[in-house]
Amino acid sequence: MDALNTPPATPTRRARRALHWRRTRDTTALLLLLWMLTSFGAVFFARELSGLTLFGWPMSFYLAAQGASLVYLAIIGGYAWRMRRLDRQYQAGERT
């Protein structure tokens, strides 16, 4: 939609947009925290995990090389899924 076809912002519409934006920020903040904890945890606990082995490799190497990457992929998938749901909720409210 262009600016000419956009309906005027009513107080209800502004409140819904503010709620949508707050939920978007909360989701982003939570997933960034998970990303930070994953990155920090892989490095911080590497020394303790180096004594354990998995398929001949130190557990710290496996955790950093494979585990963290899988968590990052899950974060991206979770973000896409959550944002799709929020956008659909917001758009459904806009049409009514």
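The values are calculated or read from the model by the stated rules, or taken from the named source; none is laboratory data. These numbers come from a predicted model, not from an experiment. Neighbour counts are summed over all protein chains in view; Cβ atoms, including those assigned to glycine, are modelled from backbone coordinates with ideal geometry.
For every residue, the table says whether it meets (1) over 22 Å from Y90 (Cβ atoms); (2) at pLDDT 85 or above; (3) in a helix (DSSP H, G or I); (4) of a type in the set (V, I, T).
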site	(1), (2), (3), (4)
D2	no, no, no, no
P8	no, no, no, no
A18	no, yes, yes, no
T24	no, yes, yes, yes
T27	no, yes, yes, yes
L33	yes, yes, yes, no
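Scanning region 84-91 finds no residues that are out of contact with any helix residue (DSSP H, G or I) (no Cβ under 8 Å at 6 or more places or on another chain) and hydroxyl-bearing (S, T, Y).
Contact map, region 14-42: first residue under 30 Å from M59 (Cβ atoms), second residue modelled with pLDDT of 95 or more and part of a helix (DSSP H, G or I), Cβ cut-off under 7 Å, separation 6 or more or different chains; pairs are L31/I75; L31/G78; L31/Y79; L34/I75; W35/I75. With the condition kept exactly as written, say whether any residue in region 50-62 is surrounded by fewer than 14 Cβ atoms within 10 Å (Cβ to Cβ), in contact with a strand residue (DSSP E or B) (Cβ under 6 Å, 6 or more places away or on another chain) and not in a helix (DSSP H, G or I). The answer is yes, given that some residue of region 50-62 is surrounded by fewer than 14 Cβ atoms within 10 Å (Cβ to Cβ), in contact with a strand residue (DSSP E or B) (Cβ under 6 Å, 6 or more places away or on another chain) and not in a helix (DSSP H, G or I).
In this structure, is A46 exposed (fewer than 12 other Cβ atoms within 10 Å of the Cβ) and small (G, A, S)? For A46, the condition - exposed (fewer than 12 other Cβ atoms within 10 Å of the Cβ) and small (G, A, S) - is not met.
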